[in-house]
Structures are given as structure tokens and as C-alpha cells.
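This report refers to the structure that appears directly beneath it.
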Amino acid sequence: MYDLATIRQMNREAGIRARQKGTLPLVLTQDMIDRFKADPYNAGISFPHLGDRRPRTWKLVDEIFVDTSGFGAPGELALTIKQLGERLKAGMAYATIEAGQFQAYLGEFIPPVKK
């Protein structure tokens, strides 16, 4: 299991890579959410890892604690993949903002308004 210092360093490095690449959260459509709910492992959806990067025009409104091992159960603190599917909202954007060995925080963002 990773210690806290290792997790923090991994997320700092992910933030550096995300800044260098210009990585942004993934905006979900209802179709994407429906595919995720039907088969999350084959929906073709991959949440980008922002680490500690917070794009300026994107507003972080929530942090969702998620089990990434696939062995989580309903009733535990971290949401299962199925519970995550029920939590996602069309029009919102999502990205991993902190990841450990078995759980992660998925950030929920409001995308910037297009002019």
C-alpha cells in the first residue's frame, strides 16, 4: 500500500504532466453516461488524471470518492463503479484529481461557458 507521501508525489507528477499536455476534464453527455451504466468497463470512457492541476476556467464543485480496485462493495465509503454511474451528470465534467492504490477522488467540474 502507498504511504501518504508517495500518493502526494504521484499526484504532483500527474498535475505536472496534465499542465504540460493541457489536459482538461472530460465533459459527459447523456449517451456516454448511459453506455457507462450499461457496461462501465467497455464504455470507452477514461477519466483524465489532472492530479493537482485545476484548469482556470473550470470550477471544481464536488469530489467523489471511488473504489478503483473493482472489489469495493455498496455501503463502503468509496463508491463502487455501479454507484459512480448513478452519480454522474450529463453536461458536467470529470477528472481524477487524486489517486491512490485502490481508491481515487474524481473531481466534478462545471465546464467554462462558451462565448
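Restricting attention to the stretch 45-80, report how many residues are of a type in the set (Phe, Trp, Tyr) and closer than 10 Å to LEU24 by Cα. Going through the stretch 45-80 one residue at a time, the tally reaches 2. The set of residues in the stretch 22-50 being in contact with a Pro (Cβ under 9 Å, 6 or more places away or on another chain) and surrounded by 10 or more Cβ atoms within 10 Å (Cβ to Cβ) consists of THR23, LEU24, PRO25, LEU26, VAL27, PHE47, PRO48, LEU50.
Every condition in (1) touching a Leu at 6+ places or on another chain (Cβ under 9 Å); (2) in a helix (DSSP H, G or I); (3) touching a residue at least 60 places away in the same chain (Cβ under 8 Å) holds for LEU24 except the one numbered (2). Can you tell me which of (1) in contact (Cβ under 8 Å) with a residue 24 or more places away in the chain; (2) in contact with a Leu (Cβ under 9 Å, 6 or more places away or on another chain); (3) not in a helix (DSSP H, G or I) is the one SER46 doesn't meet? Tallying (1) in contact (Cβ under 8 Å) with a residue 24 or more places away in the chain; (2) in contact with a Leu (Cβ under 9 Å, 6 or more places away or on another chain); (3) not in a helix (DSSP H, G or I), SER46 fails exactly one: (1). Only one of ALA104, ALA99, ALA95 is touching an Asp or Glu at 6+ places or on another chain (Cβ under 8 Å) and closer than 22 Å to THR6 by Cα; which? That would be ALA104, the only listed residue that is touching an Asp or Glu at 6+ places or on another chain (Cβ under 8 Å) and closer than 22 Å to THR6 by Cα. Please tell me if ILE16 is buried (at least 18 other Cβ atoms within 10 Å of the Cβ), in contact (Cβ under 8 Å) with a residue 12 or more places away in the chain, of a type in the set (A, V, I, L, M) and not in a loop (DSSP other than H, G, I, E, B). No, not satisfied. Tell me yes or no: at least one residue of the stretch 4-13 is surrounded by 12 or more Cβ atoms within 10 Å (Cβ to Cβ), closer than 18 Å to ALA104 by Cβ and touching a helix residue (DSSP H, G or I) at 6+ places or on another chain (Cβ under 8 Å). The answer is no; no qualifying residue exists.
For every residue, the table says whether it meets (1) touching a helix residue (DSSP H, G or I) at 6+ places or on another chain (Cβ under 9 Å); (2) polar (S, T, N, Q); (3) on the phi < 0 side of the Ramachandran plot.
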position	(1), (2), (3)
PRO55	yes, no, yes
VAL61	no, no, yes
GLY75	no, no, no
THR80	no, yes, yes
LEU84	yes, no, yes
GLU108	yes, no, yes
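Read the figures in this text as sums done on the coordinates, not as results from a lab. None of the values given here were measured: they were computed from a predicted structure. Cβ sites come from the backbone with ideal geometry, for glycine too, and all protein chains shown count toward neighbours.
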